[in-house]
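> One structure, as structure tokens, below. Some questions next.
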């Protein structure tokens, strides 16, 4: 499936706004740019299911979180259709003070450990996750060290 067709299909999904495509310089250079889909949090799991079932993006490449400070956290997931060379980047903003997001584990089993890492490092609670607990830090660790608000002088400094 071509990226332009994927953009058209994603744009028809409720709660999804599709970002601009690659620049002509990127297209000429052969750079594989992902289709970027900004998704409302209420449609997060639906958009992921659409990417998997309709666009053929069956490979869950990775997930991460961005801390935009006052604007809140943003969850990013990257999924691929390896047969067609199509990459889709799903992004949802949680908003100021919100740290919960629907889990993508029911859609992509590969999201399991990455969501646990996001919980451990950023404190994002993934609703519906089958085993949400720390994966990198000790159970008694206080705080989430990749948050920009995390103080270095906490009882558990980030470098010990």
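The values are calculated or read from the model by the stated rules, or taken from the named source; none is laboratory data. Source: prediction; values computed, not measured. Don't worry about glycine lacking a Cβ; one is built from the backbone with ideal geometry, like all the others, and counts go over all protein chains shown.
> For the stretch 26-59, enumerate the residues that are on the phi > 0 side of the Ramachandran plot and modelled with pLDDT of 95 or more.
If the condition is that a residue be on the phi > 0 side of the Ramachandran plot and modelled with pLDDT of 95 or more, then 56 is the only one that fits.
> Can you tell me which residue is surrounded by the fewest Cβ atoms within 10 Å (Cβ to Cβ) among those in the stretch 100-125 that are touching a helix residue (DSSP H, G or I) at 6+ places or on another chain (Cβ under 8 Å) and under 16 Å from residue 66 (Cβ atoms)?
Taking the candidates together, the pick is 124.
> Tell me which residues, restricted to the stretch 1-25, are in contact with a strand residue (DSSP E or B) (Cβ under 6 Å, 6 or more places away or on another chain), modelled with pLDDT under 90 and assigned to a helix (DSSP H, G or I).
Hit for the stretch 1-25 is 3, nothing else.
> If you don't mind, there's one more thing I want to ask. Quickly run through the stretch 105-119 and pick out the residues that are touching a strand residue (DSSP E or B) at 6+ places or on another chain (Cβ under 6 Å) and not in a helix (DSSP H, G or I).
108, 110
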